[in-house]
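As structure tokens, the structure follows; a few thoughts come after it.
The values are calculated or read from the model by the stated rules, or taken from the named source; none is laboratory data. None of the values given here were measured: they were computed from a predicted structure. When we count neighbours, we look across all protein chains shown, and the Cβ atoms used for this are built from the backbone with ideal geometry, even at glycine. Each accessible area value is taken on the protein alone, full model and side chains, heavy atoms only, with ligands, DNA and RNA left out. Shrake-Rupley method; radii C 1.70, N 1.55, O 1.52, S 1.80 Å.
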Amino acid sequence: MRTYAITVMATAMLAWSAGCASVETTAADKQMEKKIDKLLAKMTLEEKVGQMTQVTLEVVGGESSEDGWLKLDEKKLQDAIIAHQVGSILNCGGQARSVDNWLQIITQMQAMATKQTRLGIPIIYGIDAIHGANYTLGATIFPQHIAMAATGNVELVRIESEITALEVRASGMPWNFSPVLGLGRNPMWPRQWETFGEDAYISSVMAAAYVEGQQGSDISQPTKVAACMKHYLGYSVPLSGKDRTPAYIPERQLRQLFLKPFAAAAKAGVATVMVNSSEINGIPVHSDRFLLIDVLRGELGFEGFVVSDWADINNLYTREMVARYQRQAVKMAVMAGVDMSMVPYDYSFYEHLVDLVKTGEVPMSRIDEAVADILRVKFQLGLFEKPYPDKQLKEQFATDASRQANLQAAREAMTLLKNESGLLPLGKDKKVLVTGPCSNKLSILNGGWTITWQGDNEALYPQEKSTILEAIQDKVGASNVEYIEAVKFDKELDISRAVSAASRVDVIVACLGEPTYCETPGNIDDLMLSAPQIRLVQELAKTDKPIVMVFTQGRPRVIRTIVDNAGAILMAYLPGMEGGQAIADVLFGDANPSGKLPFTYPKYSGWHVCYDHKKSENAAPNKFDPQWEFGHGLSYTTFKYGDLRIDKNNISADDTLIVTVNVTNTGQREGAEIVQLFLSDIVATVTPPVKSLKRFTKIFLKPGEKQTVKFELSWDDFAFIGRQNKPVVEPGEFKISLGGLTKAFEIQ
């Protein structure tokens, strides 16, 4: 079979290899490079290595007052910034701070860095603001990324990112450790909710939109920040499902799937990248020059700087055991391409690296290369000209417009998985029993990285926001709502009391899911929903009262044994601070659900097969048998697809394929539909997936309204990573699937 190698591999959405078009060097760029060279020439070795060192806020922090106000320890700050020339500080010191406290903290740091050091180089402060400025009290806290992917609304992701950037910058911080661009293809992994789901295309599109929202066309603007794509590369699919454990990924699959979102973010100009904490095929990524230099910089064209993840250079010798000593680990990581070490609690990296250069084991040229990359981002951010926070931005912090955007995102994320006999929406005259461990907590709407690392300190959440229970009470009146907690996540409380209460109501809303967690503390041994929650539903089902199950969870917990007990099932993911209201809006018909699953919802704990599986995974005796398929999501209206057309049946290398389809709202109320186009390559020299998502768009239709949706596919869309680990297109038959309709065509 003939194959065609793709010589130009750069597309914004596909982006599997050399994705960055060269940008003409401007006069301003040349001037900035001169400034960098001039500054480097003045710097001592110690000053340079200091720029490569990042410590956490706890290293320089003092005591917090009862109201959470943190004061810095002046002597510790001097030790960091003056004695060790530290170039970056990160984190929140245990919990979110007020805007005013952050402004005071950052101002004090920058004053010392710019006025009390020899060269006056400002620090760059970094924070994990992954779903809003989640470490600033009162910020606009959006749905987590898995929920944003479910919206299918790319513009909403861009708006979320813009608001987040503004509120992070209003807090005085210019660097955000987001977006997370791993693919959520192992539902056991506790960080799945930080991703945009299992699909490489959705993640790539959302990645580009998020980076553009964070950085704009000029990150020196006062409302923009430097974004950080993470965690490069392959972190999200540990074989064990446990956080920070090994992944085993062939290079072909790395390029076919996992590299794409990072390539899209690099093409969008992302300023920084954070490295995968673990390993791929036995090689810790922090020590992998092939991935950090050859691929990241050589192929993707990334031009920013590379930061390690938390203590991960140390982990090369304490956990991964590829280095015998800490000093060897430092050399290994720096020579592999890590520019900045998130140490984070001491100055060991600084001390070892200074000595490694003095003894000739690390060349000064490598140090200059890393420091130039760091200084470049600081110049791009405008920190040399304006190192201090812009206090006027506080007036734009957490506005009503931002809250409305947040509410819209939460509403559009809601994914209706089941609605038997039109149980939903509920009438507002109904008497409702609300039960389950997720009913009356704000924390479970948000998950980790919210106010605290684990997001579990309920006392710190803004009490003016509504839990699911409170939002339902607002809809139908408190007198029409009974609330029985009945179970916690891990134990039964009083199921019999909930069963008794069911006799007095018209419908049961069971709020189920997961407690909050983040990273390794979220590791689990079984994907099944916890036993107390399952028994609660089973006992309530015996009352014959209709049950609506609402799930607030970061990953798809297996619920096979209770699916038939529910008349309706709503997947809310982790919908953020406005999640309670959004859930109630959908339950009672004030909003029409339009979300679609960004992952395959498994039916069995040990069965993790994604939508783009191979034919052998759905051929006897195997069966592709998920609880719900990727892209599933119901509405309170109905949509009909028709008149699927392609503009040609045979295409060649220079052609594009135009695909059109008509979508009509055939129901009685307005609604939104995410139109998804899948492509199947029927025969290929590398076994093809049954289908791959290539395009999607979200449309809004009134009852009876019809819209023609148009997609354009280019040559790169038909490519795959071939046997030589390079993109190829092979002639033969292809098939488009769209809304239950199909069309075949040939590539010549």
- Looking for whichever is open to solvent by 50 Å² or more (accessible area, probe 1.4 Å) and assigned to a loop (DSSP other than H, G, I, E, B) here; the options are 218, 243. Which one fits? 218
- Query: Which residues, taken from the range 99-118, are outside any helix (DSSP H, G or I) and touching a Ser or Thr at 6+ places or on another chain (Cβ under 9 Å)?
  - Reply: 118
- Inside the range 495-524, the number of residues satisfying the requirement of being part of a loop (DSSP other than H, G, I, E, B), more than 35 Å from the chain's Cα centre (by Cα) and not β-branched (Val, Ile, Thr) is 3
- Restricting the range 136-165 to residues that are part of a loop (DSSP other than H, G, I, E, B) and of a type in the set (Gly, Ala, Ser), the residue that is nearest to residue 396 (Cα to Cα): 139
- Query: Quick one: how many residues across the range 508-527 are open to solvent by less than 40 Å² (accessible area, probe 1.4 Å) and more than 18 Å from residue 440 (Cβ to Cβ)?
  - Reply: 6
- Task: Scan the range 605-643 for residues that are at pLDDT 95 or above and either aliphatic (A, V, I, L, M) or under 23 Å from the mean Cα position of the chain (by Cα) (or both) and jot them down.
- Result: 609, 610, 611, 612, 613, 628, 629, 630, 631, 632, 633, 634
- Give the number of residues within the range 709-740 that are open to solvent by less than 50 Å² (accessible area, probe 1.4 Å) and closer than 26 Å to residue 698 by Cα. 14
- Just name the residue that is surrounded by the most Cβ atoms within 10 Å (Cβ to Cβ) out of those in the range 153-175 that are touching an Asp or Glu at 6+ places or on another chain (Cβ under 8 Å) and farther than 14 Å from residue 216 by Cα. 170
- Query: Restricting to the range 464-495, what's the tally of residues that are without any contact (Cβ under 8 Å) to a residue 12 or more places away in the chain and either hydrophobic (A, V, I, L, M, F, W, C) or under 26 Å from residue 591 (Cβ atoms) (or both)?
  - Reply: 6
- Task: Just one of (1) open to solvent by 40 Å² or more (accessible area, probe 1.4 Å); (2) part of a loop (DSSP other than H, G, I, E, B); (3) under 20 Å from residue 471 (Cα atoms) trips up residue 426, so point out which.
- Result: (1)
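Conditions (1) in contact with a strand residue (DSSP E or B) (Cβ under 9 Å, 6 or more places away or on another chain); (2) among the β-branched types (Val, Ile, Thr); (3) touching a residue at least 60 places away in the same chain (Cβ under 8 Å), marked per residue:
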{"position": "563", "(1), (2), (3)": "yes, yes, yes"}
{"position": "569", "(1), (2), (3)": "yes, yes, yes"}
{"position": "574", "(1), (2), (3)": "yes, no, yes"}
{"position": "585", "(1), (2), (3)": "no, no, yes"}
{"position": "588", "(1), (2), (3)": "no, no, yes"}
{"position": "608", "(1), (2), (3)": "no, no, yes"}
{"position": "612", "(1), (2), (3)": "yes, no, yes"}
{"position": "616", "(1), (2), (3)": "no, no, yes"}
- Message: From the list 404, 392, 408, exactly one residue is touching a Leu at 6+ places or on another chain (Cβ under 9 Å) and at pLDDT 95 or above. Which is it?
- Response: 408
- Hand me the list of helices (runs of 4 or more DSSP H) wholly inside the range 250-341 holding 2 or more residues that are within 28 Å of residue 688 (Cα to Cα) and open to solvent by 10 Å² or more (accessible area, probe 1.4 Å). 259-267
